[in-house]
Amino acid sequence: MSDKKDLTFEKAMEELEEIVEALEEGGLPLEESLEKFSRGIELIKYCNKKLGETEKKIEVLIKEDDEIKDIVSFEDEFGQ
Amino acid sequence: MEHNIDSIYSVSQISSYIEALFSTDKVLQDLWVKGEVSNLYKANSGHMYFTIKDENAQLKTVMFRHKSHKLDFELEDGMEIAVHGYINIYKVRGEYQLYADEIIPEGRGSLYEAFEKLKKELKEEGLFEEDKKQKIPLIPKKIGIVTSPTGAAIRDMISVVDRRFEHVSILIIPSLVQGDKASGQLVEGIEYLNKRDDIDLIIVSRGGGSIEDLWPFNEEKVARAIYASQIPVISGVGHETDFTIADFVADLRAPTPSAAAELAIANREEIENQLENLSRRLLNNQKSRLKSAKDRLGSIANRRIFKKPEEMFIDKMQRLDEFSRELKWNMEKLLNKNKERFKILNSKMETLSPLKTIKRGYSITYDQEGNPITDIGEVQKGQAVKTNLKNGIFTSSVQKIEEDGGLDE
């Protein structure tokens, strides 16, 4: 995945978890906890975006004489 | 010949004794026997009874239904086989027999050997190690599936995806999944998917079959292609009981094709719940954090010092006044006390002054050095002394010294 700052969904979830745990543990100065909170919101937005941006498509690669010829809908090619 | 009647056993007793002997023997309890099948009888119950024999001996064998129905080939008289199981006695007939749990037709033995050999080699090389396994992405966007486009496996997988999940794309790379050409096509498929930049996850899969059918998934080049894949690979080959080399080297082994599809996307729901849970916790935490900060601020702002800040200074000012008053008073007291003392000292000085005594008509006598003579021991006969009167001084010499007759007693 080539996202800004190399953020991946997995990393974002991990960081979010750390933030929530740190906040729940308490003891952070208010200012720092506000910073963490807004970072957390950012990560949630990012994750929701990632979860939403996939689409459903089932395709199949068509080869002829070992050459890749086309990619077509699986149902069109093999569906009954 | 004498017989002790107590040492005669019943047939059941001695049979049980023999049974116990057999069942504690390590060789008899876990062995492979090879030979030719004869007198095969497949009962309606599903149990199979047959004899395995070689030129010189035969061995009665039984395979019960729960084992025999797992055989992926038809057992026939005359087949050369290897049988695994244990030997014990069948007391009803007074016969010993082999209780079979696995049968391998001749020829397969070499496949098993090849399987074990490759498995051992690749294991030693480190291809199966857990720390070499890649993590399966939490939310794959596009999954590449290398399998037969016409088999049951791909149908199963698609129906899982249809049922569970609408946010994933699938690209199927058609490949033969049995026969000599299959392994080459599987490798090509894996390599092709690695060249694309939109694939998050690969599944290599086929449905159930005999060990010969599954064989391409036991070939070294397939194992190496899976190992070399930069994209995580899930294997879903055959049934739950089938283990292939591909399963060992894959990043995740699924027991069946549909399980592979489940594993690839099952995370999604869990992830969504987890994200929701984290969001809620984050918001709740922040809410309560802000509330407690606000409460605290409120209680601080309510304190007297913020409500009537002048009180703090009033106190201090009052105290300051008190101090200065005290200081003044103390100074005066000290001064007065000293004044009084001076007066007393002054009058004392006046009364004690020798001049005053002289004025009253007394005199003081000094020696030649000018020290007043106050003790008779300080004078000698003939010594010159000076006497000070109120209106003059005269010098005389000592004529006579009398120690007695002074004022002291």
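Odds and ends about this structure:
- Selection from segment A:27-80 of residues that are more than 8 Å from every other protein chain (Cβ to nearest Cβ), within 30 Å of A:MET13 (Cα to Cα) and not in a helix (DSSP H, G or I): A:GLY27, A:LEU28, A:PRO29
- Unmet criterion (only one of (1) within 13 Å of another protein chain (Cβ to nearest Cβ); (2) in contact (Cβ under 8 Å) with a residue 40 or more places away in the chain; (3) surrounded by 14 or more Cβ atoms within 10 Å (Cβ to Cβ)) for B:SER159: (3)
- Contacts under 9 angstrom Cβ, first residue in segment B:90-108 being closer than 27 Å to B:SER15 by Cβ, partner modelled with pLDDT of 90 or more and assigned to a loop (DSSP other than H, G, I, E, B), 6 or more apart: B:TYR99/B:PHE64; B:ALA100/B:PHE64; B:ASP101/B:PHE64
- Qualifying positions in segment B:177-190 - under 16 Å from A:ILE68 (Cβ atoms) and within 12 Å of another protein chain (Cβ to nearest Cβ): B:GLY184, B:GLN185, B:GLU188, B:GLY189
- Enumerated helices (runs of 4 or more DSSP H) restricted to segment B:1-99, each holding at least 1 residues that are in contact with a helix residue (DSSP H, G or I) (Cβ under 8 Å, 6 or more places away or on another chain) and not assigned by TED's automatic domain parsing to the domain that holds B:GLY208: B:11-23, B:26-29
- Scanning segment B:256-275 for residues that are away from chain A (no Cβ under 14 Å) and part of a helix (DSSP H, G or I) turns up B:PRO257, B:SER258, B:ALA259, B:ALA260, B:GLU262, B:LEU263.
- Residues of segment B:162-185 satisfying the condition of being surrounded by 20 or more Cβ atoms within 10 Å (Cβ to Cβ), under 40 Å from the mean Cα position of the chain (by Cα) and not in a loop (DSSP other than H, G, I, E, B): B:ILE170, B:LEU171
- Check on A:LEU16, buried (at least 16 other Cβ atoms within 10 Å of the Cβ) and either closer than 26 Å to B:VAL146 by Cβ or free of Cβ contacts under 8 Å to residues at least 12 places away in the same chain (or both): no
The values are calculated or read from the model by the stated rules, or taken from the named source; none is laboratory data. The model shown is predicted, which means the values in this text are computed figures rather than measured ones. Every residue, glycine as well, gets a Cβ built from its backbone with ideal geometry; the counts of neighbours run over all protein chains shown.
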